[in-house]
Amino acid sequence: MEDILKQVQQGTLTVEEAKIKLATYENLGFAKVDHHRKKRQGFPETIYGEGKSAEQISAIISAIRANNDYVLVTRITDEKSTEVQKTHPDLLYNNQAQILHSSRPSDDIFGTGYIAVVCAGTSDLRVAEEAAVTAEVFGCEVRRFYDVGVAGIHRLFDNIDEIQNATVSIVVAGMDGALPSVVGGLVSHPVIAVPTSVGYGASYNGLAALLTMLNSCASGISVVNIDNGFGGAYNAALIHKLAQRKVER
């Protein structure tokens, strides 16, 4: 702010230009783009794609990119993504995760360590990939451990050493939702449990998995909403980021 005011004083920046730079958000009429989100919370504003038109999403992306921030659009269909990419052709689309995002160099990650994304079954992959891709766009290293549910628990044990060495685990499961409890009893780091809407009738579109996770007797488990891979990844990335500060000390 001081630098901007000095530029106005020196005449190298107009008052109107300074007002734009000092504004905390940009009003597009249908949306107010929060340009200070990254300064307050550590990550830029994410665009939730459901309920927005391709034109609205494209306009919000343009505003975010003008501020030199990474782009992350969740819950966006392939059809909408194709329309948006006509204006922003360099953005990448992950069909399984239904995420449109900026490319990030493989070596552009913060700190050391990694987040483990542990997925019970192949049917849970959409939510697991939403979590994994979100964490990667936020600059975290992610290691995936898929189809390791409790129906074949030996598959989890084959990977448990690597999972135990993660900073935090995101555990995604539907059906009975038991996997986070198993992982929680085997690791010494936080576990973010993500219930999915996968399962037969009595699973009630993920409610059974949600209640199982909320009632877990394993310590250190936090639970996000049904199918909320993004929310799980956001919390995990914050934990991972805080862990870096401890290492730096």
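The values are calculated or read from the model by the stated rules, or taken from the named source; none is laboratory data. Keep in mind it's a predicted model, so treat the numbers as computed, not measured. No Cβ is skipped: glycine too gets one built from the backbone with ideal geometry, and neighbour counts run over all protein chains shown. Quick note on the areas: whole protein, heavy atoms, side chains included, nothing else; ligands and nucleic acids left out. Shrake-Rupley method; radii C 1.70, N 1.55, O 1.52, S 1.80 Å.
Quick look at the numbers
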| quantity | calculated |
| --- | --- |
| Compactness of the stretch 1-133 as Cα Rg over 2.2 N^0.38 Å, two decimals | 1.26 |
| Inter-label distance for Glu50 and Leu207, nm, one decimal - labels placed 7 Å from Cα along Cα-to-Cβ | 1.7 |
| ³J(HN,Hα) computed for each position of the stretch 4-12 - Karplus, 6.51 cos²θ - 1.76 cosθ + 1.60, integer Hz, glycine/proline x | 5, 5, 5, 5, 5, 4, 7, x, 8 |
| The stretch 124-132 - phi-based ³J(HN,Hα) in whole Hz, Karplus 6.51/-1.76/1.60, Gly and Pro as x | 8, 5, 4, 6, 4, 5, 4, 5, 5 |
| Exposure of Glu2 as accessible area (Å², to 10), given a probe of 1.4 Å and all protein chains | 130 |
| Ratio Rg/Rh, restricted to the stretch 77-129 and using Cα atoms, in which Rh is the Kirkwood radius | 1.06 |
| Förster radius 51 Å - calculated FRET efficiency between Ser222 and Phe30 (Cβ-Cβ, nearest 0.05) | 0.90 |
| Size of charge dipole - the chain - debye, nearest 20, with Cβ of Lys, Arg +1 and Asp, Glu -1, no other charges | 640 |
| Net length gained if the chain between Ala151 and Ala18 were fully extended (0.36 nm per residue, minus Cα distance) | 41.9 nm |
| With all protein chains modelled, accessible area of Phe230 [1.4 Å, Å²] | 50 |
| Computed E for Arg245/Lys39 - FRET, C-beta separation, R0 30 angstrom, nearest 0.05 | 0.95 |
| Two-site FRET efficiency, Tyr200 against Gln96, from Cβ-Cβ distance with R₀ of 25 Å, rounded to 0.05 | 0.65 |
| Label selected from (1) 149; (2) 128; (3) 110, the criterion being volume of the Cα convex hull per residue in Å³ as computed here | (1) |
| Cα-Cα over 29 Å, subset of Lys32/Lys241; Lys19/Lys39; Lys6/Lys52; Lys32/Lys86; Lys6/Lys38; Lys6/Lys241 | Lys6/Lys52; Lys6/Lys241 |
| Nearest 10 degrees, 0 to 90: helix 229-248 Cα axis against the chain principal axis | 80 |
| Listed residues Arg144, Arg245 arranged by accessible area, highest first, probe 1.4 Å | Arg245, Arg144 |
| Spacing of the two label points (7 Å from each Cα toward its C-beta) at Thr122 and Asn215, in nm | 3.1 |
| For Val142, distant residues with modelled amide H under 5 Å away | Ile115 |
| Amide H contacts under 5 Å for Ala193, placed H, 5+ residues apart | Val171, Ser222, Val223, Val224 |
